[in-house]
Amino acid sequence: MSLNGYSLPRSPLGEANLVPAPPWHYVGDFLVIDYWADPEAVAAVLPPGLEPLPDDPGACAALFVDWQSCSDGGEELTDPSRSQYKEFFVVVNALLDGEQVTTCPYIWVDQDFALARGWVQGFPKKLGDIWITRAFDLNVTAAPGLAAGSRIGGTCSARGRRLAEGCVTLTGPSDGGPVHNDAPLVNVRYFPRLAAGRHESPAVHELVRAKSYDRSISQVWEGDAELELFAAPGEEHAALAPTRVGKGYRFTFAYTIDDLESVRSYAAEEVSS
């Protein structure tokens, strides 16, 4: 009998795999904060081939997201521990062959399946605890809705250390939505080897571009934003702490993924050199 499954662990029936086969369908409540960091710190996290954005070299965005996802059958939706998770991540802006793009140097997630699925896509996910203000369809004190004056917050911690916190005080609907995470997303897929003498020669090392379809977005609300990133042992994200904070945004966004584009093979370049 063969072993089956899209990801590990592979098993006789293929049902034990942590990440089921694509397509993967996503919907999430987003809290996005546009901000600026030290341009030198932004340049330091850019993968090879990406260049600082000449006109706005410190442009970044911080995102707190409350997700729900499923595979084609949708059975995860009635088993919420397999479909729900939360994330915090930072993206920075750059140029790739003259085109403006974003890339994600740091990201934390609170579910193992989302962590493994992110590694497949090139997101450098780590485990963390993420909390985001919930919205409910009632106009009550405990449920800040999408209305002027509502305050929506997010926090991220890992290994007992607070890493980030943000808050947006909504002022009204947004005409354009967030700016600093709007450009196409490129990330690095990297899987090292354990074989002696080959630790610096990864099995997979490539720059990839995210692809999605069936995209849908709600009305976007905007407001005044606050954001702090905190230093912690074993972390470097605080180098991207804000020097200036722009607007914050709250919206719901959905899409489907079953593909990505390989932009550049660093592994092939390393072999040829």
Practice problem: Read through the list (1) crowded, with 16+ Cβ neighbours inside 10 Å; (2) without any contact (Cβ under 8 Å) to a residue 24 or more places away in the chain, then give the number of the only condition that Val101 fails. | Solution: (2)
Quiz item: With respect to the numbered conditions (1) in contact with a strand residue (DSSP E or B) (Cβ under 6 Å, 6 or more places away or on another chain); (2) over 25 Å from Tyr255 (Cβ atoms), which one is the sole condition not fulfilled by Pro39?
Solution: (1)
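Listed here are the residues, each with its yes/no results for (1) of a type in the set (A, V, I, L, M); (2) over 24 Å from Gly177 (Cβ atoms).
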residue	(1), (2)
Tyr35	no, no
Asp55	no, no
Gly58	no, no
Ala62	yes, no
Asp79	no, yes
Tyr85	no, no
Phe89	no, no
Val92	yes, no
Phe123	no, no
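Residues are listed down the side, and each one gets a yes or a no for (1) within 14 Å of the chain's Cα centre (by Cα); (2) modelled with pLDDT of 95 or more; (3) surrounded by 19 or more Cβ atoms within 10 Å (Cβ to Cβ); (4) among the polar types (S, T, N, Q):
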residue: Ser81; (1), (2), (3), (4): no, yes, no, yes
residue: Ala94; (1), (2), (3), (4): no, yes, yes, no
residue: Ala114; (1), (2), (3), (4): yes, yes, yes, no
residue: Gly118; (1), (2), (3), (4): yes, yes, yes, no
residue: Gly122; (1), (2), (3), (4): yes, yes, yes, no
residue: Lys126; (1), (2), (3), (4): yes, yes, no, no
residue: Thr133; (1), (2), (3), (4): no, yes, yes, yes
Quiz item: For Ala147, are the conditions met, namely being touching a Phe, Trp or Tyr at 6+ places or on another chain (Cβ under 6 Å), under 23 Å from Ile217 (Cα atoms), surrounded by fewer than 18 Cβ atoms within 10 Å (Cβ to Cβ) and among the small types (Gly, Ala, Ser)?
Solution: no
Self-check item: All strands (runs of 3 or more DSSP E) inside region 1-73 with 2 or more residues being farther than 27 Å from Ala225 by Cβ
Solution: 24-36
Quiz item: What are the pairs, 6+ residues apart or on separate chains, where a residue within region 59-87 that is touching a residue at least 60 places away in the same chain (Cβ under 8 Å) has its Cβ under 9 Å from a residue that is charged (D, E, K, R) and outside any strand (DSSP E or B)?
Solution: Ala61/Asp182; Asp66/Arg134
Quiz item: Looking at region 156-172, which of its residues are more than 15 Å from the chain's Cα centre (by Cα), among the small types (Gly, Ala, Ser) and either in a loop (DSSP other than H, G, I, E, B) or under 13 Å from Lys86 (Cβ atoms) (or both)?
Solution: Ser157, Ala158, Gly160
Practice problem: Sort out which residues of region 103-155 are among the polar types (S, T, N, Q) and outside any strand (DSSP E or B), and write them in order of number. | Solution: Gln111, Gln121, Thr133, Asn139, Thr141, Ser150
Exercise. Check whether at least one residue in region 204-223 is over 15 Å from the mean Cα position of the chain (by Cα), surrounded by 17 or more Cβ atoms within 10 Å (Cβ to Cβ) and among the small types (Gly, Ala, Ser), and report yes or no.
Key: yes
Practice problem: Filter region 38-68 for residues that are within 23 Å of Leu260 (Cα to Cα) and more than 17 Å from the chain's Cα centre (by Cα) and give the result. | Solution: Pro48, Gly49, Leu50, Glu51
Exercise. Please specify each residue of region 202-249 satisfying the condition of being part of a loop (DSSP other than H, G, I, E, B) and of a type in the set (S, T, N, Q).
Key: Ser212, Ser218, Gln219, Thr243
Quiz item: Tell me, which residue of region 14-37 that is among the β-branched types (Val, Ile, Thr) and surrounded by 20 or more Cβ atoms within 10 Å (Cβ to Cβ) is farthest from the chain's Cα centre (by Cα)?
Solution: Val19
Quiz item: Considering region 250-260 alone, what residues qualify as being part of a strand (DSSP E or B) and either closer than 27 Å to Thr133 by Cβ or not hydrophobic (A, V, I, L, M, F, W, C) (or both)?
Solution: Arg250, Phe251, Thr252, Phe253, Ala254, Tyr255, Thr256, Ile257
Practice problem: Answer yes if at least one residue in region 132-154 is within 27 Å of Pro23 (Cβ to Cβ) and either touching a residue at least 24 places away in the same chain (Cβ under 8 Å) or of a type outside the set (Phe, Trp, Tyr) (or both), and no otherwise. | Solution: yes
Quiz item: (1) more than 17 Å from Tyr106 (Cβ to Cβ); (2) crowded, with 19+ Cβ neighbours inside 10 Å; (3) of a type outside the set (Ser, Thr, Tyr): which one isn't true of Glu51, the others all being true?
Solution: (2)
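The values are calculated or read from the model by the stated rules, or taken from the named source; none is laboratory data. Owing to the predicted nature of the structure, the values given are computational and were not obtained by experimental measurement. Cβ coordinates were reconstructed from backbone atoms using ideal geometry, including for glycine residues, and neighbour counts include every protein chain displayed.
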